1. Normalised by the number of residues in region B:37-238, what is the relative contact order in percent for Cα pairs under 8 Å and 6+ residues apart?
2. What average count of beta carbons from other chains do you get within 10 Å of the Cβ of residues in B:204-211?
3. Ordering A:Trp41, A:Trp167, B:Trp95 by how much accessible area each has at a 1.4 Å probe, largest first, what is the list?
4. How big is the accessible area of A:Arg40 in square angstrom, nearest 10, if you roll a 1.4 angstrom probe over the protein chains?
5. Describe numerically, in nm with one decimal, the distance between label points set 7 Å from Cα along Cα→Cβ at A:Leu126 and at B:Ser240.
6. Accessible area of B:Asp47, 1.4 Å probe, to the nearest 10 Å²?
7. So if the hydrodynamic radius of region A:140-213 is defined as the Kirkwood radius over C-alpha pairs, what does Stokes-Einstein give as its diffusion coefficient at 37 °C and 0.692 mPa s, in µm² per second?
8. Give the lysines whose C-alpha is closer than 27 Å to that of B:Lys142, dropping any in the same chain fewer than 8 places away, or say none.
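The values are calculated or read from the model by the stated rules, or taken from the named source; none is laboratory data. This structure is a prediction, so every number in the text was calculated from the model and none was measured. Cβ coordinates were reconstructed from backbone atoms using ideal geometry, including for glycine residues, and neighbour counts include every protein chain displayed. What goes into the accessible areas is simple: the full protein's heavy atoms, side chains included, and nothing from ligands, DNA or RNA. Shrake-Rupley method; radii C 1.70, N 1.55, O 1.52, S 1.80 Å.
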Amino acid sequence: MIFLKRTLPLIIAFVIGIIAIAIYYIPHQTAQNLQETLARWNRIIASFAFLLGVYSLMHLHAQRIKRQQAGWGYSLFVYLGFAMMLIAAIYNRGNGPLAGQADGGAYDWLYYNVFVPADASMFAMLAFFIASAAYRTFRARTIEAVILLVAAVVVMLGRVPIGELLWSRMPDLQEWLMSVPNMAAKRGILLGVYLGAVATALRIIFGIERSYLGGTEE
Amino acid sequence: MIDRLLNIDRRIVFLFIFVGVASAMLFRLPLPITPRPDVVSVYEGIDAVKGRPGGTVLLSFDYGPGSEPELQPTAINIMRQCFQNNVRVVGMALWPDAVGLARAAFDSASRACGKEYKKDWTFLGYKPGMETLIINMGQDFKSAFGQDYLGTDTNEMEVTRDITKLGDFDYVVTLAAGRTIDGVWITYAVDRYSVKLGGAVTAVMSPDMFPYLQSRQLKGLVSGLAGAAEYEKLVNVSGSATRGMQPQSVAHAIIIFFILIGNVMYFLQRRRDRLASPSGVASPSRFANPSGSRG
């Protein structure tokens, strides 16, 4: 059982990892074909991950309803929304699930009249919370906070026409802040992130990092 | 008074934002909109496709309804620009919830410009896989998308018949609200398959894009609602993005106003405490969290 649970996945990760890296640098047609096949496999596996996601979501909310946890009523809406969208998509104006989605059916109606406004409203509310949070947190307590505060005000004004109306060079100043100090910091962060990603990938390929296998490391 | 202004109830802040944004939507103010170089680059990149035989632009819809106000106007305006210049447009989605938005954009732009489905445009729909989908498209476009969203064979449609791989597209624009632009499009489509890529992103993402703009991995960038308004200016349209500049300007001004009030009161309070203190030093603990902060 240890072979199936631990050794075999480690061997698969090592072999596929090495092949995937190697074929990226081999311009031969065979390598290209293999890469295409692997990419297709990945997409098929990714599709199955949706099923896992749906199961996980449904299971989580079923538990909440069963235990009548705080806010369990909202979990009913998860089931309601999921069932309505699923039925509408499968019915597909009488064309069935295998045909392309027909225009103007119940699925479209739900998407445009429920999902889109609900999702957009959630994001729209951010403006209110950002305003309140900015008022409370942007205090010039230290020199670093002053720099952050001035930069934030310049970017906020420079990004909208009212900034140009106040001072014609405001957008240029905003642009400079974004493309010089911001970019330098971002580039440093990105280099660190990607070096970390390379290190993690190598640790997984060589079996040093095993947490993805689940359970405790031995 | 100082303490009250230092701890304004958040509902008052919400009210100011609501009234400010709502009133800015009712009145029309003549605000200057000047297209920035990064936005002009996207416009010119698409304009350069004009006149090429079979010139085709690929639009990737990688956003959901939450980002619709910022990205949908750019999507529609790019389509209109393409259609008006007889450039074909192919759409696809890396986000499943973008499908309806993409269809709405195609319907709106193609109807306005009198363009035909299959001949001038098509929408391929959503497919999972992200990076691997791009690799598949780079190697063999037809194996990645054998059919479009409505089930039409991509070999049969005039718009996709001659496209064999991702590199055959004259220009690609990704409209992104997540990490697909740098994690997928730049890493694979640009670096691997030498695709000319322009981006349209939400304002919150634009600071992350500047390293790629400077390295020219990203040929141009339309960022946020402001970028969308600048694009509307370039295509001589006064649409929802241009109208959106008024409430956005007012919202930014209100936020700055409250930040200024907060800081002025903070310094007044500090001065008052310093004068009241026998040692002449204000207690730092009072300022550590003056609001007891709740967002």
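1. Values: 393 pairs, mean separation 54.8, N = 202.
With pairs under 8 Å counted, the relative contact order is 27 percent.
2. On the way: counts 1, 0, 3, 8, 5, 3, 10, 11.
Rounded to a whole number, the mean comes out at 5.
3. Putting A:Trp41, A:Trp167, B:Trp95 in descending order of accessible area: A:Trp41, A:Trp167, B:Trp95.
4. Solvent-accessible area, nearest 10 Å²: 100 Å².
5. Each label point is offset 7 Å from its Cα along the Cβ direction, giving 1.6 nm.
6. Roll a 1.4 Å probe over it and B:Asp47 shows about 40 Å².
7. Numbers: Rh = 15.2 Å.
In µm²/s, the coefficient rounds to 215.
8. Qualifying lysines at Cα under 27 Å: B:Lys50, B:Lys115, B:Lys118, B:Lys119, B:Lys127, B:Lys165, B:Lys196, B:Lys219.
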